[in-house]
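Trainee: Attaching a single structure in structure tokens format; questions to follow.
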Amino acid sequence: MNALRAVAAAALFVASGAAAQWERVANRNVPLGATGEPNLEAPAPRTADGKPDLSGVWLPESDLELEVSVEHMPLPRYFVNVVADLAPEDVPMQPWAAELFEERLAKGGTDSPLAYCKPTGVPMVVTAPLPYKIVQTPELIVILYEENTEFRQIFLDGRKTVEDPLPRWMGYSTGRWDGDTLIVETTGFTDQSWLDGMGHPHTDRLRVTERYRRAKVRELFVDVTIDDPGAYTAPISYTVKSNLLADEDLLEYFCTENEKDIEHYE
């Protein structure tokens, strides 16, 4: 997966320098402890309407035990492989999808969308090793991703899922609250995107369900369920943990800047 690693390495390099670009400003939603330091173990803040406040800059947690890394820097587990928790014989892939997956592995990532600076897409963007920022309002949640300066809109105003949509990399997202959990349903995907860095495919029948949970200031959990009967015989589920970057913010980042790899792929 040399091409994937190169793209991820560039993303990590940009992220590592982001903190030096903005003045550090304390997040007002983070309470202070007795010593005056941020109390990241405090209960999650709440909005004026009583919902958990998911706002903030977040970074998906890397898997320190994962064999795949970039310049000795670990990557998030499901960024690499969405079925990492399953034995190979238990992955519920349709035969055609398994064949395509093997073809992508054999090419070493040179046909990955990331290798050509295309969007990461949902659900892979949930695990990308770069910060993202949640902006929360009662009827709309916006997620800004540093990776390629992408964004998502999650509508909470009661609108229905788009019928016969024009396929998109990020899909069309609607959300609702179930107690303290934000449930997001996303459909309308292009089948050009990959589910992960290894190349697990999907079809335009893909439906992604995310459940956002924030019990503490420090951490945000997203339970992801991939349901695509066109490519898999059963849903695939995993949980992504992200950690709060309490005094940092995003910068623009474009993969195409100074890109020099594509000419070597053929």
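Trainee: How many residues are surrounded by 17 or more Cβ atoms within 10 Å (Cβ to Cβ) and over 30 Å from G50 (Cα atoms) if we restrict to region 178-224?
Mentor: Qualifying residue count for the region: 14.
Trainee: Is it the case that S62 is modelled with pLDDT of 90 or more, surrounded by 12 or more Cβ atoms within 10 Å (Cβ to Cβ) and over 17 Å from I226 (Cα atoms)?
Mentor: Yes.
Trainee: Among the candidates V122, V142, V57, V80, single out the residue that is free of Cβ contacts under 8 Å to residues at least 24 places away in the same chain, closer than 29 Å to A246 by Cβ and hydrophobic (A, V, I, L, M, F, W, C).
Mentor: Every option except V142 fails the conditions.
Trainee: Anything in region 240-266 that is of a type in the set (A, V, I, L, M) and modelled with pLDDT under 75? List them, or say none.
Mentor: Listed by number, the list holds a single entry, I262.
Trainee: Can you find, within region 142-177, the residue that is surrounded by the most Cβ atoms within 10 Å (Cβ to Cβ) among those that are of a type in the set (S, T, N, Q) and at pLDDT 95 or above?
Mentor: Ranking the candidates gives S173 first.
Trainee: How many residues, within region 167-197, are of a type in the set (A, V, I, L, M, F, W, C) and over 16 Å from I226 (Cα atoms)?
Mentor: Residues flagged as of a type in the set (A, V, I, L, M, F, W, C) and over 16 Å from I226 (Cα atoms) within region 167-197 amount to 2.
Trainee: Within the set of pairs 6+ apart or on separate chains, which have a first residue in region 90-116 that is farther than 11 Å from G199 by Cβ, a second that is among the hydroxyl-bearing types (S, T, Y) and outside any loop (DSSP other than H, G, I, E, B), and C-beta atoms under 9 Å apart?
Mentor: If the second residue must be among the hydroxyl-bearing types (S, T, Y) and outside any loop (DSSP other than H, G, I, E, B), the pairs left are V91/Y232; P92/Y232; M93/Y232; Q94/Y232.
Trainee: While we're looking at this one, here's another question. A98 versus (1) surrounded by 13 or more Cβ atoms within 10 Å (Cβ to Cβ); (2) at pLDDT 95 or above; (3) more than 13 Å from P201 (Cβ to Cβ); (4) not β-branched (V, I, T): which is the lone unmet condition?
Mentor: So the condition that A98 fails would be (3).
Trainee: Would you mind telling me which numbered condition in (1) surrounded by fewer than 18 Cβ atoms within 10 Å (Cβ to Cβ); (2) of a type outside the set (D, E, K, R); (3) touching a Pro at 6+ places or on another chain (Cβ under 8 Å); (4) under 21 Å from M93 (Cβ atoms) A246 fails?
Mentor: Against the list (1) surrounded by fewer than 18 Cβ atoms within 10 Å (Cβ to Cβ); (2) of a type outside the set (D, E, K, R); (3) touching a Pro at 6+ places or on another chain (Cβ under 8 Å); (4) under 21 Å from M93 (Cβ atoms), A246 comes up short only on (4).
The values are calculated or read from the model by the stated rules, or taken from the named source; none is laboratory data. The shown structure was predicted, so the numbers you read here are calculated from the model rather than taken from an experiment. With ideal geometry, Cβ positions are generated from the backbone for all residues, glycine too; neighbour counts draw on all protein chains shown.
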